[in-house]
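For reference, the structure is listed below as structure tokens.
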Amino acid sequence: MLKADKWIRKMCLEQQMIDPFVEKLDGTGKVSYGLSSYGYDIRVTDEFKIFTNVLGAVVDPKEFDPKSFVDFKGPVCIVPPNSFALCRSMEYFRIPRKVLGLCIGKSTYARCGIVVNITPLESEWEGHLTIEISNTTPLPAKIYANEGIAQLIFLESDEVCETSYKDRKGKYQSQKGITLPRILAGAAR
């Protein structure tokens with residue numbers, strides 16, 4: 001059996017599971033990213049959608065109103081107090097059929113009251129991750145672009161799943177950029 005970091009490296013090099021792939025943890029003077037002991041620390045790009053109440057929009061996943069956020073591009077994003085922002089991973093993922101990815105926020109941000117939320121990376125899902133960053137504090141919070149934001153933990157099954165995300169034509173398959181909520185016609189999801 002391969003050690004976790006060797007298994008992830010092998011999956012990345014042979015199946016392009018993570019692109020670009022950084023083969024070791026890089027954290028000098030920045031929030032770390034790259035291959036760690038049992039996972040992979042992902043980076044955030046410099047593009048953000050910061051939620052605002054300026055125009056009185058309501059956040060509704062079935063009828064998402066783009067007036068509920070402002071677009072921002074830059075090296076540092078300031079997330080307002082008790083608010084959140086959407087961004088995307090720098091890395092593009094191709095999850096193998098026998099693998100599931102789980103995301104956990106980095107402790108550096110968690111210790112500042114910043115919560116990172118990403119849903120699981122299902123088997124055969126591919127794309128850039130859309131990341132939600134919540135600032136739970138009463139103070140503005142800085143998020144640094146091109147640095148670490150969360151850690152992914154990968155689990156490999158002994159068997160191939162019966163139906164993958166790709167098989168069921170998941171609505172977020174092959175997403176690029178920051179992807180807003182989608183509801184499929186006739187679906188109750």
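The values are calculated or read from the model by the stated rules, or taken from the named source; none is laboratory data. Please read all numbers here as calculations on a predicted model, not as lab measurements. Using ideal geometry, Cβ is built from the backbone for each residue, glycine included, and neighbour counts are taken over all protein chains shown.
If a residue must be under 19 Å from Ser157 (Cβ atoms) and touching a helix residue (DSSP H, G or I) at 6+ places or on another chain (Cβ under 7 Å), how many such residues does the stretch 19-45 contain?
Residues in the stretch 19-45 being under 19 Å from Ser157 (Cβ atoms) and touching a helix residue (DSSP H, G or I) at 6+ places or on another chain (Cβ under 7 Å): 2 in total.
Modelled with pLDDT of 90 or more, hydrophobic (A, V, I, L, M, F, W, C), in contact with a Cys (Cβ under 8 Å, 6 or more places away or on another chain) and crowded, with 16+ Cβ neighbours inside 10 Å, is that true of Leu100? If you could, list the steps in order and put the result at the bottom.
Details: modelled with pLDDT of 90 or more: yes; hydrophobic (A, V, I, L, M, F, W, C): yes; in contact with a Cys (Cβ under 8 Å, 6 or more places away or on another chain): no; crowded, with 16+ Cβ neighbours inside 10 Å: yes.
Answer is no for this residue.
Could we say that Glu124 is in contact with a Lys or Arg (Cβ under 9 Å, 6 or more places away or on another chain), of a type outside the set (A, V, I, L, M, F, W, C) and outside any strand (DSSP E or B) here? It would help to see each step written out before you state the result.
Numbers: in contact with a Lys or Arg (Cβ under 9 Å, 6 or more places away or on another chain): yes; of a type outside the set (A, V, I, L, M, F, W, C): yes; outside any strand (DSSP E or B): yes.
Here the answer is yes, as Glu124 does meet what is asked.
On the given criteria, is Ile78 touching a Ser or Thr at 6+ places or on another chain (Cβ under 7 Å) and touching a residue at least 60 places away in the same chain (Cβ under 8 Å)? Can you show your working first?
Details: touching a Ser or Thr at 6+ places or on another chain (Cβ under 7 Å): no; touching a residue at least 60 places away in the same chain (Cβ under 8 Å): yes.
In short, no.
So which residues in the stretch 9-50 are of a type in the set (Phe, Trp, Tyr), surrounded by fewer than 18 Cβ atoms within 10 Å (Cβ to Cβ) and touching a Leu at 6+ places or on another chain (Cβ under 9 Å), if there are any at all?
Narrowing the stretch 9-50 to residues of a type in the set (Phe, Trp, Tyr): 21, 33, 38, 40, 48.
Next, from what is left, pick out any that are surrounded by fewer than 18 Cβ atoms within 10 Å (Cβ to Cβ): 21, 38.
Correct list: Phe21 only.
For residues that are under 18 Å from the mean Cα position of the chain (by Cα) and not aliphatic (A, V, I, L, M), scanning just the stretch 151-169, find the one that is nearest to Thr52 (Cα to Cα). Spell out the reasoning first.
In the first step, residues of the stretch 151-169 are kept if they are under 18 Å from the mean Cα position of the chain (by Cα); the result is 151-155, 165.
Among the residues that remain, those that are also not aliphatic (A, V, I, L, M) are: 151, 154, 165.
Numbers: Gln151: 27, Phe154: 34, Tyr165: 32 Å.
Across the stretch 151-169, the extreme among qualifying residues is Gln151.
Could you please give the count of residues in the stretch 125-150 that are buried (at least 20 other Cβ atoms within 10 Å of the Cβ) and more than 9 Å from the chain's Cα centre (by Cα)?
8
Restricting the stretch 63-94 to residues that are in contact with a His (Cβ under 6 Å, 6 or more places away or on another chain) and not small (Gly, Ala, Ser), which is surrounded by the most Cβ atoms within 10 Å (Cβ to Cβ)? Reasoning before the result, please.
At the first step, the residues of the stretch 63-94 found to be in contact with a His (Cβ under 6 Å, 6 or more places away or on another chain) are 88-89, 92.
Then keep just the ones that are not small (Gly, Ala, Ser); that gives 88, 92.
Numbers: Arg88: 23, Tyr92: 18.
Per the stated criteria, the residue is Arg88.
Please work out if Lys30 is closer than 22 Å to Phe93 by Cβ and not in a strand (DSSP E or B).
Working: closer than 22 Å to Phe93 by Cβ: yes; not in a strand (DSSP E or B): yes.
Against the criterion (closer than 22 Å to Phe93 by Cβ and not in a strand (DSSP E or B)), Lys30 qualifies.
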